[in-house]
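Novice: Here it is, the structure in full.
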Ligand code: C2E
Ligand code: CA
Ligand code: CA
Ligand code: CA
């Protein structure tokens with residue numbers, strides 16, 4: 001029987017209601033923030049495991065909400081996708097990142113690859129390629145220093161069109177990464193089919209490295225798999241010296257993580273970039 005069941009449902013509903021209201025509020029706030037140009041980009045260095053030199057940076061979007069403070073992109077990007085604003089936000093991100101590359105160059109920095117996250121919906125949209133071409137043209141970006149990060153799930157849908165788009169991006173000189181590698185539910189056959197340059201091992205594997213038995217073996221296997229297909233392998237979420245030592249022993253190529261640097265404002269990185277090489 002349903003003893004006290006009614007109360008439970010009521011409680012549950014009002015909680016859901018609150019969550020729903022919260023979501024609606026956030027939706028309209030995201031729209032406003034975009035109009036008012038309140039998003040910023042932070043940059044996290046990608047570092048060579050052997051030399052500890054910066055070989056690139058990943059652009060990560062930031063939003064400081066007037067009342068709620070910092071809101072994670074892991075929260076608002078999925079909402080932006082749902083309300084269709086992701087295409088405009090993605091365009092802004094790409095534009096801003098390309099402009100920053102040019103600014104750094106003007107300040108005398110050595111060129112490093114700048115990586116931008118692109119959501120599945122964006123890459124699958126008709127006209128994505130033309131959009132990238134236009135932004136590269138307008139900003140004066142050197143496409144040989146532009147990298148696009150996509151998750152494995154996003155390229156598995158609509159595979160044929162996606163491969164075409166990826167090939168065209170590569171022909172422009174842009175490089176491609178598979179982000180969050182190991183977390184998708186797809187087969188790995190695409191490693192052979194897709195014209196990609198880098199595999200980024202998801203940070204959840206590094207997090208478990210010295211905690212969960214088997215994690216070390218999984219990371220090793222992923223590095224080897226990447227190398228077998230001629231890809232460079234990037235470890236994400238390297239927080240400790242012991243993690244770096246481990247991936248160095250396994251011949252991982254590059255890493256990102258708090259150990260070297262958190263994502264920081266462009267100005268904070270420019271000094272480091274003028275000292276590269
Ligand atoms: P991601 O692409 O996998 O980015 C890596 C995330 O790990 C970033 O979180 C970064 O701040 C964080 N991180 C870096 N090093 C460490 C570390 O050593 N330890 C830990 N615990 N975390 C580390 P962030 O910036 O909050 O971004 C979260 C996700 O939001 C990103 O995951 C990406 O999927 C999405 N995202 C961020 N910016 C954009 C964007 O411009 N466009 C799109 N479509 N998605 C974005
Ligand atoms: Ca990424
Ligand atoms: Ca990632
Ligand atoms: Ca992620």
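Novice: For 215, 177, 119, what ranking results if the residue with the fewest other Cβ atoms within 10 Å of its Cβ goes first?
Specialist: 215, 119, 177
Novice: Can you sort 171, 248 by how many other beta carbons sit within 10 Å, fewest first?
Specialist: Exposure proxy ranking, most exposed first: 171, 248.
Novice: Gaussian network model of the chain, Cα springs within a sub-10 Å range: biggest mean-square fluctuation belongs to which of 29, 253, 48?
Specialist: Result: 29 has the largest fluctuation of those listed.
Novice: Could you state the principal axis extents of the C-alpha atoms in the range 184-269, from the largest down, to the nearest angstrom?
Specialist: That works out to 39, 34, 24 Å along the principal axes.
Novice: What list of whole percents do you get for P(r) of the range 11-61, with Cα-Cα distances grouped in 5 Å bins up to the one holding the largest distance?
Specialist: 5, 16, 11, 12, 11, 10, 10, 10, 8, 5, 2, 0
Novice: Can you pull the semi-axes for the range 133-276, root of five times each eigenvalue of the Cα gyration tensor, sorted largest first, whole Å? Mind showing how you got there, number by number?
Specialist: Values: eigenvalues 139, 104, 29 Å².
Semi-axes (√(5λ), whole Å): 26, 23, 12.
Novice: With the crude spin-label approximation of a point 7 Å out along Cα→Cβ, what separation in nm comes out for residue 197 versus residue 82?
Specialist: Between residue 197 and residue 82, the label points sit 3.5 nm apart.
Novice: What length, rounded to one decimal in nm, is gained on full extension from residue 248 through to residue 37, with 0.36 nm per residue of separation minus their alpha-carbon distance?
Specialist: 71.9 nm
Novice: Which parts of the range 63-87 would a label at residue 25 reach, counting a residue when its backbone N lies under 13 Å from a point 7 Å out along Cα-to-Cβ?
Specialist: Only 66-69 fall inside the zone, counting backbone N under 13 Å.
Novice: At what distance in nm do the modelled label points of residue 157 and residue 144 sit from each other, each positioned 7 Å from its Cα along Cα→Cβ?
Specialist: 3.6 nm
Novice: Within a 10 angstrom radius of the beta carbon, how do 92, 104 rank from fewest other beta carbons to most?
Specialist: With the fewest neighbours first, 92, 104 line up as 92, 104.
Novice: A further question on this structure: Using 0.36 nm times the number of residues separating residue 18 and residue 217, minus their current alpha carbon distance, what extension gain do you get?
Specialist: Answer, rounded to one decimal: 67.3 nm.
Novice: Quick one, can you get me the convex hull of the C-alpha atoms of the chain expressed as volume per residue in Å³?
Specialist: Taking the convex hull of the Cα positions in the chain, it is 177 Å³ per residue.
Novice: Tell me the mean residue ellipticity at 222 nm calculated for the chain from its helices only (DSSP H runs of n ≥ 4, each -39500 (n - 2.57), averaged over every residue, nearest 500).
Specialist: Result for the chain: -15500 deg cm²/dmol, rounded to the nearest 500.
Novice: At residue 241 and residue 105, where each label point lies 7 Å from the Cα along Cα→Cβ, what is the point-to-point distance in nanometres?
Specialist: 3.9 nm
Novice: Any chance you could run the full-extension gain for residue 271 through residue 168? It's 0.36 nm times the residue separation minus the Cα-Cα distance, nm to one decimal.
Specialist: The span from residue 271 to residue 168 would gain 33.7 nm if fully extended.
Readers should treat all values here as calculations from the given coordinates under stated rules, not as data from a laboratory. A quick note: this is a predicted structure, and the numbers were derived from the prediction, not measured. So basically every Cβ, Gly included, is an ideal-geometry build from the backbone, and we count neighbours across all protein chains shown.
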